[in-house]
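Below you'll find the structure, written out as structure tokens, and then a few comments.
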Amino acid sequence: MGAEDQPFAVEGGAAWGSVLARYRPLALRVAAGIAAPDQAEDLVQEAARSILELARSGRARCATQAHARNYYLRAVHNHAVDALREAPSGGMRSLDEAPALEPPASGACAPESLAEEREFRALLQPSLARALAGLRTEERQAVELRYLEGLPFARMAARTGASISTLHSRVEAALQKIRVSLGKEGLRS
Amino acid sequence: MACTPQRSERIAELVGRRLDAAATSELLEHVESCSECSRELDLVADLLHAPALQAVPAAATPRRFALRRVLAAGGLAAAVLLFLFLPTREEGSTEGCQRLARLAPPHVAEVLLRGESGGDVSGSQAAARFSEAMQGFASGDYASAIPMLEGCTREQPSNALAFFYLGLARLQLGDREQDALALEALRKAQDLGEGLLAEQALWYRANAHLARGEGEAARLLLLEVIERDGDFEPNARTLLAELEALLAR
């Protein structure tokens, strides 16, 4: 069973805190892609606060960590769309292209605190650094262009001079090495 | 890896802050039920915690390779050559513009995959060709979609949608010649189209200029988008603010 399929325990703040900590950088990117980048931090915090309020009202647990992740990212998405609607310029005229997402049918998730974020990073970052250190330079570069800049392979090829198939191979090799490295340290299955 | 190459692109675009609300919504719906994409999203989410990833230097370009050699040589000559090989402010903003460009194509509606696009495509053969082209586009096979879309525009010179997707497909290929051709096609789409299509074509023209490092041209087109006061106005304002901050450096 992958880590993402494991049942998600909600006893105490650790479980939800770890979800929010783990996915916060991704949540910031979701927010920045929809609303203004300088609003991303506020939007992610608002989403986390909304989830905390639900926790105080005693909502049910999420079935898996992936479920909890999706709930969190959907909350961020919805807050970002709301922010666009409320923009001083008048916001979006048509929301046909950006419908609000419904929360998971099985009920909301119940976080308790965000205190674990620093602890999560402290645990994960050394492992990530070791994983990245095991990559070849061109593999690290491919991962940076792909996931830091979000470039399609064609543009990566134009930037690096490598062929698209070579870049595919580099990214795949890099991700596999990272998975294996993190898996050895018990961080991923 | 993700379940399809296009999904993998979407995840990369999400991480690169290049997915708009509609595309983000679609992707988040998808990962609810796709374990492959869910796993890729998780791995990428973890990667974002790595400060080392942020510190990875950019690729060694021929100019920078020459720079390292010069530094190794030392001396006054090196200092002079160093001055000659330093990135110019214009190059810096070129790369900066490229980073700002939002080129992710919009979600392809089902009607287009069936070749139906209202009055733009008439006749069963033309509709079939357009459908095939759009299916290629939707699956991320832009190299195949381009000649088909070119055929559509030859057969129907007033087909604004075909010109629009032809421009977008060329943008995804990512080379300078294709970007120039993309601009032509998008200009045609804007001239032939109306309402949201025309506005969208204008938005992508602005981003195509950014991809070419042409900040000032992009700025003027973003001002046009804002002036139209349509659906893309908030996005254009945001992007214009980022661009002006870059150009002011």
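The values are calculated or read from the model by the stated rules, or taken from the named source; none is laboratory data. All values derive from a computational prediction rather than experimental measurement. Virtual Cβ from ideal backbone geometry, glycine too; neighbours counted across all protein chains shown.
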Inset, instruction - Would you check if there is a residue in region A:129-139 being at pLDDT below 80 and of a type in the set (D, E)? - result: no
Inset, instruction - Specify which of the listed residues (B:L221, B:L243, B:L161) is away from every other protein chain (no Cβ under 14 Å) and touching a Lys or Arg at 6+ places or on another chain (Cβ under 7 Å). - result: B:L221
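Considering region A:27-47 alone, what residues qualify as being surrounded by fewer than 24 Cβ atoms within 10 Å (Cβ to Cβ) and at the interface with another protein chain (Cβ under 8 Å from one of its Cβ atoms)?
Matches in region A:27-47: A:A32, A:A36, A:P37.
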Legend entry - Test for B:A185: is it within 22 Å of the chain's Cα centre (by Cα), under 23 Å from B:E224 (Cα atoms) and within 14 Å of chain A (Cβ to nearest Cβ): no
Inset, instruction - For B:R249, work out the one condition from (1) under 17 Å from the mean Cα position of the chain (by Cα); (2) modelled with pLDDT under 90 it doesn't fulfil. - result: (1)
Legend entry - Among (1) facing another protein chain (nearest Cβ under 8 Å); (2) crowded, with 23+ Cβ neighbours inside 10 Å, the one test that A:A142 misses: (1)
Legend entry - Among (1) farther than 18 Å from B:C97 by Cβ; (2) surrounded by 19 or more Cβ atoms within 10 Å (Cβ to Cβ) - the single one B:W203 does not satisfy: (1)
Inset, instruction - Can you run down the residue pairs with Cβ atoms below 7 Å, 6 or more apart or on separate chains, where the first is in region B:130-155 and free of Cβ contacts under 8 Å to residues at least 40 places away in the same chain and within 15 Å of B:A189 (Cβ to Cβ) and the partner is surrounded by 18 or more Cβ atoms within 10 Å (Cβ to Cβ) and charged (D, E, K, R)? - result: B:I146/B:R170; B:C152/B:R129
Legend entry - All positions within region A:151-175 that are within 14 Å of A:R136 (Cα to Cα) and at the interface with chain B (Cβ under 9 Å from one of its Cβ atoms): A:V171, A:E172, A:L175
Legend entry - Residue count, region B:1-51 (criterion: touching a residue at least 12 places away in the same chain (Cβ under 8 Å), at the interface with chain A (Cβ under 7 Å from one of its Cβ atoms) and acidic (D, E)): 3
